[in-house]
Structures are given as structure tokens and as C-alpha cells.
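Trainee: To start, I am sharing the structure in question, which I have written as C-alpha cells.
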Amino acid sequence: EVQLVESGGGLVQPGGSLRLSCAASGFTFSDHYMDWVRQAPGKGLEWVGRSRNKANSYTTEYTASVKGRFTVSRDDSKSSLYLQMNNLKTEDTAVYYCARVGSGWPYDYWGQGTLVTVSS
Amino acid sequence: DIQMTQSPSAMSASVGDRVTITCRASQGIRNDLGWYQQKPGKVPKRLIYAASSLQSGVPSRFSGSGSGTEFTLTISSLQPEDFATYYCLQHNSYPLTFGQGTKVEIK
């Protein structure tokens, strides 16, 4: 059974940092692109960033609003995806989901999400 | 960036109604589009991928169509469990972009 379990969310002050983790199981993690998607309270879904797989050199993509502040990384040996978030802003407050790109088509599996609150 | 314009943003419908939701892309995206259902407090669930392919386990009353810039999600006969918010997502080019969502409520 495919499972994605996020952790690391919490309350952080503006300008602070946080690292989210997504532990994957039930599939060959190294084969898949993995994404982060977020949802601000009461708002719609927003794509945050992507980690391509080993075959594509683990390259990454980001939405403009987080570029230079957020870093997506992965450790295939631990079947884990990460999101390092620096210089956090109040508008980064959201539930953050990790999601699997299955056979080239997003997203066949999602984690349960982890809430990040940026507030003083 | 490719803008995805979903319509309507909200609608009221009755059980048994045929429901159609549209997503328009600001430029052609071939069939690089998926549809997702999200219920309050729950994780999004994929219904359709590649514009018209039904996700395994999703009831056949859901269907998708379109290519290029105009896409449609149709629910042939709305069921009580279908009241939710629906999103389209284009993955043709970066950044990936979602539509703003369509909330389907009970009439």
C-alpha cells in the first residue's frame, strides 16, 4: 500500500525556517517525481515545487513565489522527500502536501498534509 | 505562466442532476490536465488524468473531455457523496497551475 506521511509543520515567526519531511512507502520511491503542493486556509491548491527522479538527475522546479527561499530535496535511500523553507512569510501559512507523480501524471497519491503557520 | 480559469466557481445542484465544470487554459496544454475532488478537511483525490482517463476506483459517472485549451468534467448523475470542491490542474509547463476550484453544493 502506497503511503506518504508528512511531518515537520508547526508555528514559526516571519523570517524563520522550517524543514518538512515526507516519508514514502509501498512503492519504488526512486522511480518517481515528487511534488509539494500547499493550501492556505480556506483557499485553493497551489503547486510549490518538484523533485525529479534519479534518472532525471534529481533536478528541481519551483513556483516563483518560493524560488530562492524554498529547497526541495530527497533521499532515495530513506524514501524521503524534503522541503526546506527559509525566510518564511505570513503568506506561506498553509497545509503542505507531498504528492506522487505516477507514470508521468500528477497526482495519484497524496500525503495527509502538515500545517505550517507563519505568525508573530 | 498558464492560467487555468474554472467555471463556475460555485454551483448548487440536486441529487441526480447532470453537472458540468469547465476549465479553460490560457494557452494550449494538449491533454496534460487532471481533475481532483476535495471534501472539507480531506486530502484531494484524483478523478481524471490525461484529460479523459478515469482514475482506477472512481465511479463511472465521472468523465472528462477536452484537449488544447478547453476541458470539461462531467458528473452524469450527482450523488450525495459528490458534494465537494473540484479542481483542475495543468502540468504541461512550469509552474504547474490549478484552477481556482468549483464548489458543488446541495440545492
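Trainee: Within a 10 angstrom radius of the beta carbon, how do B:SER93, B:SER52, A:SER51 rank from fewest other beta carbons to most? Before the final figure, lay out the partial values.
Mentor: Numbers: B:SER93 12, B:SER52 17, A:SER51 23.
Result, fewest neighbours first: B:SER93, B:SER52, A:SER51.
Trainee: Can you give the longest run of chain A that contains no trypsin sites (Lys or Arg not before Pro) sitting in a DSSP loop with at most 15 other Cβ atoms inside 10 Å? Working shown, then result.
Mentor: Values: sites that count: A:LYS43, A:LYS67, A:ARG69, A:LYS89.
Longest gap between qualifying sites, sites excluded: A:1-42.
Trainee: To continue, here is another question. Restricting everything to alpha-carbon atoms, can you work out Rg to Rh for the range A:1-91 with a Kirkwood hydrodynamic radius? Intermediate results must be reported in sequence, preceding the final value.
Mentor: Working: Rg = 13.4 Å, Rh = 13.8 Å.
Expressed as Rg/Rh, it is 0.97.
Trainee: By how many nm would the segment from A:LYS43 to A:THR28 grow when fully extended, if each residue of separation counts as 0.36 nm and the alpha-carbon distance is taken off?
Mentor: Details: separation 15, 0.36 × 15 = 5.40 nm, distance 3.24 nm.
So the chain would gain 2.2 nm between A:LYS43 and A:THR28.
Trainee: Further question: Which of the residue pairs B:LYS39/B:LYS107; A:LYS78/B:LYS45; A:LYS43/B:LYS45; A:LYS78/B:LYS39; A:LYS43/A:LYS89 have a Cα-Cα distance greater than 22 Å in the structure shown? The partial results should precede the final answer.
Mentor: On the way: B:LYS39/B:LYS107 17 Å; A:LYS78/B:LYS45 26 Å; A:LYS43/B:LYS45 17 Å; A:LYS78/B:LYS39 31 Å; A:LYS43/A:LYS89 17 Å.
Cα-Cα > 22 Å for A:LYS78/B:LYS45; A:LYS78/B:LYS39; rest within.
Trainee: At what distance in nm do the modelled label points of A:THR59 and B:ASN92 sit from each other, each positioned 7 Å from its Cα along Cα→Cβ?
Mentor: Placing both labels 7 Å along Cα→Cβ, they lie 2.0 nm apart.
Trainee: Determine the principal axes of the Cα atoms in the protein assembly as shown, then give the extent along each, sorted from largest to smallest and rounded to whole angstroms.
Mentor: That gives 48, 42, 35 Å along the principal axes, largest extent first.
Trainee: With charges only on Cβ, +1 for K and R and -1 for D and E, what is the dipole size of chain B about its Cα centre, in debye, rounded to 20? Could the numbers behind the result be given before it?
Mentor: Values: 10 positive and 7 negative charges, 35 e Å.
Roughly 160 debye, rounded to the nearest 20.
Trainee: How far apart, in nm, are the 7 Å Cα→Cβ label points at A:SER77 and B:LYS107?
Mentor: Rounded to a tenth, the inter-label distance reads 6.0 nm.
Trainee: Okay, next question. If the chain between B:SER60 and B:ASP1 were fully stretched, how many nm would it gain, using 0.36 nm times the residue separation less the Cα-Cα distance? List each step's numbers first, then the result.
Mentor: Details: separation 59, 0.36 × 59 = 21.24 nm, distance 3.27 nm.
Working it through step by step, the gained length comes to 18.0 nm.
Trainee: Turning to a different aspect of this structure: Assign unit charges at the C-beta atoms only (+1 for Lys and Arg, -1 for Asp and Glu), then state the dipole size of the protein assembly as shown relative to its Cα centre in Debye, rounded to the nearest 20. Show your work: numbers first, answer last.
Mentor: Numbers: 22 positive and 18 negative charges, 29 e Å.
Here the size comes out at about 140 debye.
Trainee: Roughly what % of DSSP beta bridges within the protein assembly as shown run antiparallel, to the nearest 5?
Mentor: Numbers: 70 of 77 bridges.
So the antiparallel bridges amount to about 90 percent of the total.
Trainee: If R0 is 25 Å, what FRET efficiency do you get for B:ALA13 and B:SER53 from their C-beta distance, rounded to 0.05? Numbers along the way, then the final one.
Mentor: On the way: r = 25 Å, r/R0 = 0.98.
According to the calculation, E is roughly 0.55.
Trainee: Considering chain B, what Rg and Dmax in Å follow from its alpha-carbon atoms?
Mentor: My reading of the Cα-based Rg and Dmax gives 12.8, 38 Å.
Trainee: What number results when the radius of gyration of the range A:38-96, computed over Cα atoms, is divided by 2.2 N^0.38 Å? Kindly include the intermediate steps, with their values, before the conclusion.
Mentor: On the way: Rg = 12.5 Å, N = 59, 2.2 N^0.38 = 10.4 Å.
In units of the 2.2 N^0.38 Å rule of thumb, it is 1.20.
Trainee: To the nearest 20 Debye, how big is the dipole of the range A:33-99 about its Cα centre, given +1 on the beta carbon of each Lys and Arg and -1 on that of each Asp and Glu? Walk me through the intermediate numbers first.
Mentor: Working: 10 positive and 7 negative charges, 17 e Å.
For this selection, approximately 80 debye.
Trainee: Nearest 5 is fine: what % of DSSP beta bridges in chain B come out antiparallel, could you say?
Mentor: Working: 31 of 35 bridges.
That works out to approximately 90 percent antiparallel.
Computed from the coordinates by the stated procedures, all read-outs in this text should not be read as laboratory data. A quick note: this is a predicted structure, and the numbers were derived from the prediction, not measured. Here the Cβ is made from the backbone with ideal geometry for all residues, glycine too, and neighbour counts use every protein chain on show.
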